[in-house]
Amino acid sequence: MRAVVMDEFAVAPRVREVPDPVPPDGGVVVRVEATGLCRSDWHALVGHDPDVVLPHVPGHEFAGTVEAVGAGVDGVHPGMRVTAPFVQACGTCEQCRRGEQQVCARQVQPGFTTWGTFAQFVIVERAAVNLVPLPERVDVVSAAVLGCRFATAFRALTAVGRMRPGEWVAVHGCGGVGLSAVMIAVAAGARVVAVDVAQGALALAEALGAQVPLDARQCGDGAPAAIAVAVREATGGGAHLSVDALGSPGTCAASIGGLRPRGRHVQVGLLPPVNGEFPPVPMHLVVAGELEVLGSHGMAAHAYPELLGLVATGRLRPERLVTGTLTLDDAGPALAAMGESAPTGVSVVIP
């Protein structure tokens, strides 16, 4: 098969021929029909993820059709339209037994711990736990957006953040996760402040229903404290729920600082240590305001039907986030360029 292969960190990967995957016992091989280009893949490319071993195929959100079925898999056949979460769970650990497969102790992550979806085929292990059939009314491009960013934003707001209609929701960073969060919050009846530095991203957030598009560069000196003040002023006392959808010390601090007392901050964007040092978090604000600081990591396969139902009925339209499509040959350079400038909206690779 053709695949985008990383042979060096921080160097644009290239397409080459690699062996076709074989379905493992209990798993399947899926023909990838669409796969999203995500900033998490860029973190893998530049060496931020210690699980990535070279040579490596990135990519972790996808949709396609079952190509081959391994031994012991029931109820799955070639040609079935499917997707899967980026966390492929074991199904038997303590977390999985509680229904919390998104934090499985023995998880596999295509694109990180195993070869990913920037290829013609990808393996989905433990199909009974991880494979998600697609309704006919959900197309593969929309489904490819769901696998990481949209599903992550959905669970972060609804299950983790406990969002309620009428609340103010602040979204810091309007990339794929952030724009997904804007759409989901608006559909749920929340009021949204969308924060970013890119006019294109803010314009798209406003088109998706954000009441307040906030250019972080126009907030005083652009420091987190100034952005937090602007959010509190825009929301009449602070957001009830705030999401750091980018993942930087500045966006994390601004998100926490913009909350009203007893507000909820959800960290979604990856925030890796720098030179072995953990990033600073304004805990004095957490204590003084009795704030909740929460983390959210994807969504388990068993939780997909609710989200897919909203997409199938048109209440949520993830295809509105897609601003461009790429070939496999385009994917490597586009992935490398994400470190310099994030694209507006979501780009989808069509293998």
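Computed from the coordinates by the stated procedures, all read-outs in this text should not be read as laboratory data. Computed from a predicted model, the values in this text were never measured in an experiment. Glycine also receives a Cβ, built like all others from the backbone with ideal geometry; neighbour counts cover every protein chain displayed.
Provide the net charge surrounding residue 222, with neighbours chosen by a C-beta distance below 14 Å and charges set as Lys +1, Arg +1, Asp -1, Glu -1.
Numbers: positive: 217; negative: 196, 215, 221.
Every neighbour counted, the sum reads -2.
Residues 214, 294, 328 in ascending order of nearby Cβ atoms (within 10 Å, fewest first): 294, 328, 214. Computed from point charges on the beta carbon alone (+1 for Lys and Arg, -1 for Asp and Glu), the dipole magnitude for region 162-295 about its Cα centre is near 360 Debye. When Rg and Dmax of the Cα atoms in Å is computed from the coordinates, the matching label among (1) 24.6, 81; (2) 19.6, 61; (3) 21.1, 70 is (2).
If I take every Cα pair under 8 Å that is 6 or more residues apart in region 90-203, average their sequence separation and divide by the length, what percent do I get for the relative contact order? Please report the intermediate quantities before stating the final value.
Working: 108 pairs, mean separation 18.8, N = 114.
Relative contact order here is 16 percent.
Taking the Cβ of each residue in 93, 174, 219 as the centre, tally the other Cβ atoms inside 10 Å and list the residues starting with the fewest. Could the numbers behind the result be given before it?
On the way: 93 16, 174 32, 219 20.
Fewest-to-most Cβ neighbours within 10 Å comes out as 93, 219, 174.
The mean sequence distance of close C-alpha pairs (under 8 Å, at least 6 residues apart), as a share of the length of region 162-295, puts its relative contact order at 22 percent.
Using a/c under 1.5 as the rounded threshold, could you call region 291-351 rounded, prolate or oblate? The axes a ≥ b ≥ c are square roots of the C-alpha gyration tensor eigenvalues, and prolate needs a/b larger than b/c, oblate otherwise. Since a/c reaches 1.5 but b/c is at least a/b, the shape of region 291-351 is classed as oblate.
Under a Cβ-Cβ cut-off of 10 Å, what is the net charge of the residues other than residue 27 that fall near it, where Lys and Arg count +1 and Asp and Glu count -1?
Working: positive: 126; negative: 25, 125.
Local charge sum for residue 27: -1.
Counting other Cβ atoms within 10 Å as a rough exposure proxy, the listed residues 264, 320, 98 run 98, 320, 264 from fewest neighbours to most.
In this label model, residue 93 and residue 329 are separated by 4.1 nm, measuring between points 7 Å along each Cα→Cβ vector.
Counting Lys and Arg as +1 and Asp and Glu as -1, each charge on the Cβ, what is the dipole of the chain about the Cα centre in debye, to the nearest 20?
I would put it at about 960 debye.
What net charge do the residues around residue 213 carry, taking every other residue with its C-beta under 14 Å from that of residue 213, with Lys and Arg at +1 and Asp and Glu at -1? Summing Lys and Arg as +1 and Asp and Glu as -1 gives -1.
What shape does region 162-295 take by its C-alpha gyration tensor, where a ≥ b ≥ c are the square roots of the eigenvalues and a/c under 1.5 counts as rounded, a/b above b/c as prolate, and the rest as oblate? Provide the component values of the computation, followed by the final result.
Working: a/c = 1.45, a/b = 1.23, b/c = 1.18.
Cα axes put region 162-295 in the rounded bin.
Ranking 80, 254, 11 by Cα position along the charge dipole of the chain, where only Lys, Arg, Asp and Glu carry charges on their C-beta atoms, puts 254 farthest toward the positive end. Here the Gaussian network model covers the chain, with springs between Cα atoms less than 10 Å apart; of 124, 274, 15, 274 fluctuates the most.
Using a 10 Å Cβ count of at most 16 others and DSSP loop calls, identify the longest part of the chain lacking such GluC sites (Glu not before Pro). List each step's numbers first, then the result.
Working: sites that count: 8, 100, 136, 290, 340.
Here the longest run is 137-289.
Using Cα-Cα distances under 8 Å and only pairs 6 or more residues apart, what relative contact order does the chain have, in percent?
Values: 867 pairs, mean separation 69.6, N = 351.
For the chain, the relative contact order is 20 percent.
Note on residue 53 and residue 233: with the Förster distance fixed at 41 Å, the Cβ-Cβ geometry gives a FRET efficiency of about 0.30.
Using a/c under 1.5 as the rounded threshold, could you call region 101-243 rounded, prolate or oblate? The axes a ≥ b ≥ c are square roots of the C-alpha gyration tensor eigenvalues, and prolate needs a/b larger than b/c, oblate otherwise. Since a/c reaches 1.5 and a/b is larger than b/c, the shape of region 101-243 is classed as prolate.
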